[in-house]
1. I need the full set of residues from segment 28-57 which are among the small types (Gly, Ala, Ser) and at pLDDT below 85, in order please.
2. Any idea which residue in segment 29-49 is nearest to Asp19 (Cα to Cα), counting only those that are touching a strand residue (DSSP E or B) at 6+ places or on another chain (Cβ under 9 Å) and of a type in the set (Val, Ile, Thr)?
3. Quick check on segment 83-90. Is at least one of its residues assigned to a helix (DSSP H, G or I), at pLDDT 80 or above and surrounded by 10 or more Cβ atoms within 10 Å (Cβ to Cβ)?
4. Output the number of residues of segment 1-27 satisfying the condition of being at pLDDT 85 or above, loosely packed, with under 12 Cβ neighbours inside 10 Å and either among the hydroxyl-bearing types (Ser, Thr, Tyr) or assigned to a loop (DSSP other than H, G, I, E, B) (or both).
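The values are calculated or read from the model by the stated rules, or taken from the named source; none is laboratory data. Small disclaimer: the values here were computed from a predicted structure and weren't measured. Don't worry about glycine lacking a Cβ; one is built from the backbone with ideal geometry, like all the others, and counts go over all protein chains shown.
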Amino acid sequence: MLGLIKQISIGQFRRDISDVGNQISRSGEHVILTSNGKPMAALVSVGDYERLPRAENQAIDIQKWLADSRTLSNKVEKRQGLPVDVDASLVADRKDLERRI
């Protein structure tokens, strides 16, 4: 869940670091640190930070699934209506999974 996004200057952050940290921790708010009005860094809660690798992995899985779907779609188009060997596809998928483990 995306928290509220707030922008504060690095100077304000230095002055109010404890309050800002507590606010991020309690509310899930995201803070963008700025310098001369330009975004420089982002602060998020530990929970949100820990979810980042999972979100990246999910995006990679989705991209792989889309690529696999395109490949399968191309194979089906090339067969021009000929039957697809489902058992061979399952064996290939199983071997692929076993290689990953």
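1. Passing the criteria: Gly28, Gly47, Ala55.
2. Here the residue is Val31.
3. The answer is no; no qualifying residue exists.
4. The number of residues fulfilling the criteria is 1.
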